[in-house]
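To start, the structure under review is shown below, and the notes come after it.
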Amino acid sequence: MENLQGLRESEVQNLLKRYGYNELPSPDRRTTLNILISIFKEPMFLLLVSCGVIYLIVGNMTEAQMLLGFVFLVMGITFYQERKTERALQSLKNLSSPRALVIRDGIERRISGREIVPGDIVILSEGDRVPADGLIISSSNLYIDESLITGESEPVRKIACQSNSEISSEKENVCFAYAGGLVVRGYGVMRVTSTGQKTVMGKIGKSLQSIETEETLIQKEIKKLVKRFSTVGFFLCLIVFLTYRLFNYHWMDGILAGLTLAMAILPEEFPVVVTIFFALGAWRLSKHHVLTRRIPAIETLGATTVLCVDKTGTLTTNRMEVRGLYSEGKLLVFDPDKISELPETFHRLIEFGVLASIERPFDPMERAFQDFAKKYLINTEHIHHNWILVREYPLSENLSAMSNVWKSPDGNKFIISVKGSPEAIFDLCHFSSAEYSQLEEAARMMAEQGFRVLGVAEAEFSQKNSLPEKQHDFNFVFIGLIGLMDPPRETATGALQSCKDAGIRVVMITGDYPGTARAIAKKTGLLSYDRIITGQNLEQMSNEELEKNLKNVDIFARIMPEQKLRIVNAFKKNGDIVAMTGDGVNDAPALKSAHIGIAMGERGTDVARESADIVLMNDDFSSIVEAIKIGRTIYDNLKKAMSYIISVHIPIIGMSLFPVLMGLPLVLGPVHIVFLEMVIDPACSTVFEAEPPEPDLMKRPPRKLDEQVLDRKTFLFALIQGIVVLCVVLAVFMISLASGHSEGRSRAITFTSLIVANIGLIFVNRSMSRSIFSKTLLNKPLIFVTAGALFFLSIINFNPWLRQMFKFETIDFHDTVMCVIAAICSTLWFEGIKYFMRKKQKEK
């Protein structure tokens, strides 16, 4: 195959402008009109309009105009929040498009599938989703499942064709790959011909949905809560209306009072807050290289008790180097930077290791062979650029080895080279028990130094005979063992310690030797138990035995991908919440079964990505730990927001209800409720969402998955807070009236006290472990909400026209001081409780 350089970046930008992004229109994307229609359907909007209409009916044009003006202001705030949420979700959908490995400027790089342009060179490997339509220009045993496009269940074998002129109508289907197809076997290289709506998929009109929006447990809980509040609100509104009739008040005033109470009770913030928290949470996760494909995973992250991880590329860097060689009974362990020449004994081992590799390697292990050979064998007879590859025998479920059949220009025999797991190579060489034991000991010694160990063998076969179907039919001769080192990531040790502190158990599941796994576990601090379960041990265990043995095992070694499902299910049976990492086609069942499936974004297949709940874009273990921390933070902040919403609604409901029942002048009308909502909405959806994590967040044990966000303790605290504020504000109103103040002045004093108390509730609910005076508690949304609320409250109190709209009268300095003191007293007591809680926690 030609030495492919691919497109230049300058060409890519021009082609993107010409053809657009490689994506299909999203049918579920919410437009500006869709968002506006959904706002018009909101109960709060309908209540506001109803109040405005009533004011028009009774001839109060000023009140009506004022209220309807507030309607548009509330709509603007809601629209901004909805658009912010939609943009966050849309950015995630863009990220979640299938990844593609392309060659640009002669360099292989992995990009988002939407950035593919016509002319791009795309490398296809097993498990990849074909990102666009294209011509196959190189292939090796390449089969693609195109059932999504054609409906045919059988994979199609693809062959290489260098140009369109070579393609007859009969060969078109086998020379082209189509967007949406899935590579089920082999590998190939494709030159893109069509993207986006120009692809066959685009013409058919099908699209793959990358992010699934499904209801979480919290969303279901909130739905029930909203129904209960709404039911209670309906009956209280009826009581208010009947009370008005009983006292012979005007029936229209009764309706307005009832609607005001309905607006006070309606918990319209609940579903909005949950939606915003999860959407912005997913956006925050993406900033830490974690893509959320299924929103419920965010909720589950904080409850994770067991984290099953692969070794290669997750705990390690996935940058392989040849560090150990064994041949003819001799073992060589070395640092590549400290040796200039390779002993002749090991030349043949490296020669056949390279011959057993892929011609254009993509895998780090394959590249390690090629790089090592270029460094030490470049000027020797062991490099064969003129040999012709005749056939490949790929890895299979039954045999972890791959063979290449080569034809030498000057020979009459085929040369076969094979590499694979030591056990597979020993099996192919048909060793005696003594030979097997001796070589197995050599492999074990290399593995204990942290090497990934592979065996290499060779065979010859006459060109006069047809090649056999199975690798076992060759007479292989053992050459030696190669040890590759994949060093641990620098961040792994700290991340593992964070997991231990957070009560999360980390389990390594790897296909490597037990010795290799143990060496890496020791270096990273993972190892807590000496016992290791191998794939062979697993086969001999029943499910019940496996469940019992899980309690004292940290490492599973020599595990086949299909065995991961058993391990995950066993942990689940023991009551654990399992997060599982995977990257291959065969990992998909385990990823699906785990509570949280985590696919590798860099080296993972599209099948694994599509089966997973979240995708690790940088394959780094520390990103998983950061995701768990963010998941816990989102849940923790959501509890704070819910607590605040409950506590702030209690005094609003009370001040809408008690004056009616007690025969006192009304304090709150629709316009007052709207102003309060303008403070509450941004506070609960932006201030609490932006809160930093609590200092002890990753020191707490995982929460139970079925734990309610608004549990009994949280609800009780919120209820007490709200009742205390209500009692203080009601007392301020009654004292003001008893002092001889007018109705308007008393209303202004009471409303000012309520607004300041509202701000106080925001401050005290932001953290259970830190004081409101802590500098670390400042965040920008809090500053804007507090300053905005106080600024507009001042304008209302000092502007005559606005004062009239709110039915206020002028308040003096002493009144203002009384409002502030009363509001502070109604909320600051909670700081005392928090202080004693912190003191009690320290004593433990």
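The values are calculated or read from the model by the stated rules, or taken from the named source; none is laboratory data. Note that the structure is a prediction, hence the values are computed from the model and not measured. Here the Cβ positions follow ideal geometry from the backbone for every residue, glycine too, while neighbour counts run over all protein chains shown. Note: accessible area is taken over every heavy atom of the protein model, side chains too, but ligands, DNA and RNA are not part of it. Shrake-Rupley method; radii C 1.70, N 1.55, O 1.52, S 1.80 Å.
For the reader, a short list of remarks on this structure follows.
- Efficiency of FRET between residue 13 and residue 398 - r from beta-carbon atoms, R0 51 angstrom, step 0.05: 0.60
- Fraction of accessible area attributable to carbon and sulfur, segment 737-805 (%, probe 1.4 Å): 70 percent
- Computed over every Cα-Cα pair of segment 514-640 and binned at 5 Å starting from 0, the pair-distance distribution P(r) comes out as 2, 11, 17, 19, 23, 17, 8, 3, 1, 0 percent.
- 1.4 Å probe accessible area per residue over segment 465-575, in Å²: 45 Å²
- Excluding ligands, DNA and RNA, the accessible surface per residue across segment 387-435 is 47 Å² with a 1.4 Å probe.
- Dimensionless Rg over Rh [segment 702-844; C-alpha; Kirkwood]: 1.05
- Label point 7 Å beyond Cα of residue 798 along Cβ direction - residues of segment 670-707 with amide nitrogen under 14 Å: none
- Accessible surface of segment 514-650, 1.4 Å probe, proportion on carbon and sulfur as whole %: 47 percent
- Under the combined filter of DSSP loop state and at most 14 neighbouring Cβ atoms within 10 Å, segment 512-600 retains these chymotrypsin sites (Phe, Trp or Tyr not before Pro): 529.
- Among 315-325, 100-110, sorting by the average number of other beta carbon atoms lying within 10 angstrom of each residue, highest first, gives 315-325, 100-110.
- Considering only 542, 597, 483, and ranking their Cα positions along the charge dipole of segment 479-613 that arises from unit charges at the beta-carbon of Lys, Arg, Asp and Glu, the one farthest toward the positive end is 542.
- Exceeding the 30 Å Cα-Cα cut-off - candidates 223/713; 548/839; 227/713; 523/834; 419/572; 223/704: 548/839; 523/834; 419/572
- Ratio Rg/Rh, restricted to segment 605-704 and using Cα atoms, in which Rh is the Kirkwood radius: 1.22
- Sparse-neighbour loop sites [GluC sites (Glu not before Pro); segment 343-410; at most 10 other C-beta within 10 Å; DSSP]: 381, 397
- Placing +1 on the Cβ of every Lys and Arg and -1 on the Cβ of every Asp and Glu, with nothing else charged, gives segment 670-758 a dipole about its Cα centre of roughly 280 debye.
- Rg/Rh, computed from the Cα trace of segment 312-423 with Rh as the Kirkwood radius, has the value 0.96.
- Among the trypsin sites (Lys or Arg not before Pro) in segment 376-469, those placed in a DSSP loop whose Cβ has at most 12 other Cβ atoms within 10 Å are 464.
- Computed with a 1.4 Å probe over protein heavy atoms only, the accessible surface of segment 649-799 comes to 40 Å² per residue.
- Annotation: peptides 478-484, 698-704, ranked by per-residue average of other Cβ atoms within 10 Å with the highest first, follow the order 478-484, 698-704.
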